[in-house]
Every structure is written in structure tokens, then in C-alpha cells.
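Written out below as C-alpha cells is the structure these notes cover.
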Amino acid sequence: MCGIMANIGSENAAREVLAGLKKLEYRGYDSAGVAVFNNALNVFKVKGKVADLEDHVKNQPMAGLVALGHTRWATHGVPAENNAHPHMSENGRLAMVHNGIIENYQSLKNFLIEKGYSFKSDTDSEVLVQYIAWYQDHYQLELTEAVRRSLGDVEGSFAFVILDSTAPNTMVAAKNDNPLVVGISGSGFYLASDVFPLTESCDKVIYLEDQEIITVHLEGDYEVIDFENASITPEVHTLERKDTVYSKEGFDSFMLKEIYEQPEIIARTLKSYVDTNLAEIKIEAIDLHRRIFKQAKRIVIVGCGTSWHAGLIAEYLIESMAGIHVEVEYASEFRYRDPLISTSDIVIGISQSGETADTLAAIKLANERGAFTYGIINTPGSTIARHTDAVSYIKAGVEIGVASTKAFTGQVSLLTLIALKLATITGKLHPLQCKKSIDEFLEVPKMMQEALLTDQLLGDLSQNWVNKESALFLGRGLNFPVALEGALKLKEISYIHAEGYPAAEMKHGPIALVDSEMPVFILATNKSALLKLTSNIQEIKSRKGEVIIIRNAGMEIDAALADYQIEIPAVSEFLTPLTTVVPLQLISYYIAKGRGCNIDQPRNLAKSVTVE
Ligand code: F6R
């Protein structure tokens, strides 16, 4: 993970770097650092956030045309000042910011120790910069060639920017399996982990490809080569210029703001993909490849975390509506288990960021094996979007809170439309039924808005659970993945242990956990599962568990069964994940708030997981 930001050419390059790092903080926020060249290389680092770094440098001489910075998510070495980037070579000549993992760092380090090098940090990144410095010294090379030749010995994933203080008019960056974007502006170059920090200042960008090295010069020119030293002419993309001032708009966290944005996002999704006049779903990625979708023998969905949960919902919907066989896998397992993939398979990668390392690797594997790959992505221009045969974007906009909320409902709404669309293609859904489903879907933004009216009630109720140690979330059918999502939200932002389970699985083990201290959240919004679910609730009640039922308006559930019942508006069953998840997001938010947790930047997490 980690965010890299560098600038060459701006009057106050360090200021540009610090501003960019703030926008990259979702990639990691345990320590931060910046190096600026003004006659000499000055490096400043802190354990903490970019705001702490800003405080730290506010009285320092920061003017200078060249700077590079980093916001870190620890892989090798604890979050600490000495492990923060930029890392320097021992001779003080090179400074580097790195994202990724150098897998053979130990053997490179042993080699360097034998040569008399010593290390200040526990990181693999310091090994990399020292190794490049060794090449440079030993073979008397200029920086680009030292980088290129040393990378021949390096195994792992990386994106890095490196500066040689004896040639400060030039910066070099290289990439393999981690993203690096080069922004071109009137005043110089910006090098960053993604485009977010570039949209205010750059008109053009180059997405560096794997095994490429770019050298950018203060004078405004640049060269790209590959690791074999062949010259490359990169594609230069035009960037839509935007002033991206992210504001909480009066909410006390981005997460709460994003929860409240959901009705609007669903409405935007419907507007983008539904022709209401014709009662037709128009998804260009599918329309353009209709034959492939019609003939698909199987769909395999890969993703991680919340995106994987959205995939599970899609499995239920696509199989039942369209009659196409679907499998859902964690991308991290799929990529390493030698899966059977055929050319008649469609592999769908779901990713909010479009940068998740495991999902990207799973897609690359599916590409190699000849499957048709399809990305469901939130971030335009992201790496996964560029590696799939087709892509459809969810309409969630930038999600800042680390815990995914609006991206999840954005994914689920697009995947629901995809299920309906595929059902029309396979002939399982009559156009009239499709129209009925669309009409029901069009009501969802309003229903979600109403579901948000539970806010105050849930804020009060959640105080009961602030000091709990564990919680269970149970659902059947479509509500099982929603239960997983509810449990994930709670654990990631409140640090309370939580598990999501299919309600009927309780008896096979987890029921042993239930006692009077255990809140059990039951998702009872799908009518078809209600009878069976009622027996599961009885089983929990008889073990004195605290039962909180989330149910649709108009659903009758015996008052004696539940400690609390939370009512949300009724929607058609296939749409229930979109409304059911809303109270779960709010409950997690209020519990985390009650515990004094950092809601937008929970400990140990980062929004974009670009290491495996
Ligand atoms: C949880 C969360 C994560 C992400 C996961 C995949 O709230 O945000 O579990 O869903 O890291 O990320 P993307 O969707 O960017 O591939």
C-alpha cells in the first residue's frame, strides 16, 4: 500500500507533495515523510499522519524545486520514524520513496552487510535504495542505469521514485506490479501512486506499465525505457481537470457522509444504466459483447473484503435470475490455486479502488488463461480497469472513509442490474417482468432515504453495544452476504470482534458463543426466509442472546422473540441488500463513535491494498 508523491519543477515542490500526500492518505497513514532538495537534501519524517508531518516541517526551510514524499502502511518494520520513507542510501546521495514488497530483501541485505553497509530501519525499502547505491558506486553509473541494472536482481512488487542529490535536476521512477502515475503540468512533473492528487495540476498523465523506468527532468523532458533498456513511447492520456476539495459537508466523518450519499448514488446508477422510456437496461460492456455473455458457461467473480461480499450477492442474483452458473472466490485464493479456467468463462473482478493487488493478479491470471475479463470498478483509469476486456463503472464517486459503504451499495446496484440484464439475454426474464423489476428498483433511492430515518433510533440503541466484546450478524439467502458485510463494518471501525453467519449454520458451532452478553443482529428482510429464520431466532433466545431484528415494514415477527426490532421500508426481495445494509452501517458507525475510534481511518487498515 502506501502513497507516493513526488514533484519536480514547482516553485514549492514540497508543498505540492504534502498536498498530494493528504489525498493519498487512504492508502496508509501510520507514518509519513518528505525530502526536499534545496542546496542539500533535507529529509523530515514522523510517526503519524500527514497533518503531523505538516506540523513538523512548518518552520523548516521547505522551498525547492524537487521533493518526494510518502505516507506509509507498515509491511516490513513497525510504524516508527526510522521506518518512515524517504529512505536514504548510507552515502547520503540517494533518497527513495517505495510502495510494494521486495521479496528477496534478506539476501540483498546480507550481500550489502558483507560489503560493509549498515541500516537504520527494518524496511525492505531501505535495502532497495542501498542496493541501487551500491550499483551506482561500484559501476560508476548514472542513476537511471543504476536503477535498471540493480532491478535485475530484485524480486517482488514495487513502485518507487528516487532522487540523486548529486544530480537534483532529475528524478527516476520504476514500477512492477504496483501503480505509478506520472502527471505532466506546465511547470513540471508529478509522480504519484494514483491520479487523485494530480487532477488539480496536470492536464496529461502517463500510466507507467510494469517493468518500465521513467526519468523526468527539470527542463521538462522525459524518457521511458523498459528493464531491458529498450526505449518506450508511452501513451499520454488527457486528464479531466478537477478541483477535488473533499469536504465532510457538515457530517462528522466521511463515512457518515458517504452513508447518506447512498440514495443519490443508486439514483445515479439507475440513470446511467436504465433507459426508463424503453424499460431497458443499457450496459455498454455487455451490449458490446452480447454474444460472449449469452454463450458463457460460467461466471467466476473475484474480489476482496466488501467487494467479495458484493460478489456473493451477485452470485445469488445471477444464478436465480439468469440461470448462469456463478462461482465467487477471494482473489487472493484464486490467484494461487491453479484454478480451472476456460475460454468460455467470464471472470468478473469487483474492486472499488481498481488497485487491489490480489484482484489485479486474479484478473491477469484469467486473462492469461483466455477467459473474458470484466471489471466492476469505481475508479476510472485504475489498473484493474485497464487490464480487463470490458469495464463498467459504479457511480459512487471518490470514497474517502476506509470502511466501504457507498461503494458497496454502488456495486450491489450495478450487479443487480447486470443480473437483470443477463436474465433478459438468456431469455429467463420476459421484458414485461424486466420492466416491473426496473420500476421496483426505481423506488429504492426513496426507500434507502427512509431507511436512513432509523439514524437517531440506532444512535441511541447503539449505546447498549459500545462495550461489548463480540457480536453476531445472521441472515439467510441474500441476507447472508449482508450479514458478512455488517460484521466486517463493525470489526474494522470499532475493533469489536464480529462474525457474520448464515443463520442456519449457528447450530454447527457458533451457537456455543451465545450468552446474555452477545448481541445478535438478525437480518429478516427477505420474506422467503422468514419462517426458517424464526426458528433460528428461537434458538438464540433460548440461550439468552440479545436479539436485534432488522425487518421490513409490514412483516409480523412475534415481539417476544426480540429485544429490539428495527423496521425499514419494504422492497422487493432481490433489492433487500440495498436497504438492509443501511442500519448495519449506522450501527457500526455509532458503536465506533461511542468507543472514540477514528472512524475514517481505522487502525492497521488502508483503503487501497496494493500489496498481497
Ligand atoms: C472494507 C473494505 C475492504 C475492501 C477491500 C477491497 O470496508 O473497504 O474490505 O473492500 O480491501 O478493496 P477494493 O474494492 O478497492 O478492491
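For the stretch 327-341, state whether one or more residues are of a type outside the set (Phe, Trp, Tyr), more than 12 Å from the ligand (Cβ to nearest atom), in the same structural domain as residue 382 (by TED's automatic domain parsing) and buried (at least 24 other Cβ atoms within 10 Å of the Cβ). The answer is no, given that none of the residues of the stretch 327-341 is of a type outside the set (Phe, Trp, Tyr), more than 12 Å from the ligand (Cβ to nearest atom), in the same structural domain as residue 382 (by TED's automatic domain parsing) and buried (at least 24 other Cβ atoms within 10 Å of the Cβ).
Do we find that residue 362 is away from the ligand (no atom under 16 Å from the Cβ), crowded, with 17+ Cβ neighbours inside 10 Å and hydrophobic (A, V, I, L, M, F, W, C) in this structure? Spell out how you get there, then give the answer.
Details: away from the ligand (no atom under 16 Å from the Cβ): no; crowded, with 17+ Cβ neighbours inside 10 Å: yes; hydrophobic (A, V, I, L, M, F, W, C): yes.
Here the answer is no, as residue 362 does not meet what is asked.
Restricted to the stretch 598-612, and to residues there that are among the polar types (S, T, N, Q) and near the ligand (Cβ under 10 Å from one of its atoms), the residue that is surrounded by the fewest Cβ atoms within 10 Å (Cβ to Cβ) is 608. Looking only at the stretch 73-85, residues that are at pLDDT below 90 and either closer than 15 Å to residue 101 by Cα or in a loop (DSSP other than H, G, I, E, B) (or both) come to 8 in all. Do the conditions hold for residue 544, that is, is it outside any helix (DSSP H, G or I), within 16 Å of the ligand (Cβ to nearest atom), of a type in the set (Lys, Arg) and over 12 Å from residue 479 (Cβ atoms)? No; evaluated as a whole, the condition is false for this residue.
Among the residues of the stretch 291-305, are any modelled with pLDDT of 95 or more, closer than 14 Å to residue 577 by Cβ, within 16 Å of the ligand (Cβ to nearest atom) and in a helix (DSSP H, G or I)? No, that holds for no residue. For first residues located in the stretch 370-393 and assigned by TED's automatic domain parsing to the domain that holds residue 414 and basic (Lys, Arg), partners that are away from the ligand (no atom under 14 Å from the Cβ) and modelled with pLDDT under 95 and lie 6+ apart or on another chain with Cβ distances below 8 Å form the pairs 386/207. Selection of strands (runs of 3 or more DSSP E) fully inside the stretch 451-533 by the criterion of at least 3 residues being within 16 Å of the ligand (Cβ to nearest atom) returns 497-502.
For the stretch 389-404, a residue qualifies if it is at pLDDT 95 or above, surrounded by fewer than 24 Cβ atoms within 10 Å (Cβ to Cβ) and not acidic (Asp, Glu), and the qualifying residues are 390, 391, 392, 393. Tell me, yes or no, whether the stretch 308-319 has at least one residue that is in a strand (DSSP E or B) and within 12 Å of the ligand (Cβ to nearest atom). The answer is no, given that none of the residues of the stretch 308-319 is in a strand (DSSP E or B) and within 12 Å of the ligand (Cβ to nearest atom).
Annotation note: Cβ proximity below 7 Å between a residue of the stretch 18-31 that is at pLDDT 90 or above and a residue that is surrounded by fewer than 23 Cβ atoms within 10 Å (Cβ to Cβ) and not in a helix (DSSP H, G or I) (sequence gap 6+ or interchain) occurs for 31/46; 31/47; 31/48; 31/79; 31/80. When you check residue 407 against the structure, is it outside any loop (DSSP other than H, G, I, E, B), surrounded by 24 or more Cβ atoms within 10 Å (Cβ to Cβ) and touching a Lys or Arg at 6+ places or on another chain (Cβ under 9 Å), yes or no? No, not satisfied. When each of 528, 535, 572 is tested for being farther than 21 Å from residue 408 by Cβ and either in contact (Cβ under 8 Å) with a residue 40 or more places away in the chain or assigned by TED's automatic domain parsing to the domain that holds residue 436 (or both), the lone residue that passes is 528. Scan the stretch 469-526 for residues that are surrounded by fewer than 19 Cβ atoms within 10 Å (Cβ to Cβ), touching a helix residue (DSSP H, G or I) at 6+ places or on another chain (Cβ under 6 Å) and under 14 Å from residue 546 (Cα atoms) and the total you get is 0.
The values are calculated or read from the model by the stated rules, or taken from the named source; none is laboratory data. As the structure is a computational prediction, the values presented were derived from the model and not from experiment. Neighbour counts run over all protein chains shown; Cβ positions are idealised from the backbone, glycine included.
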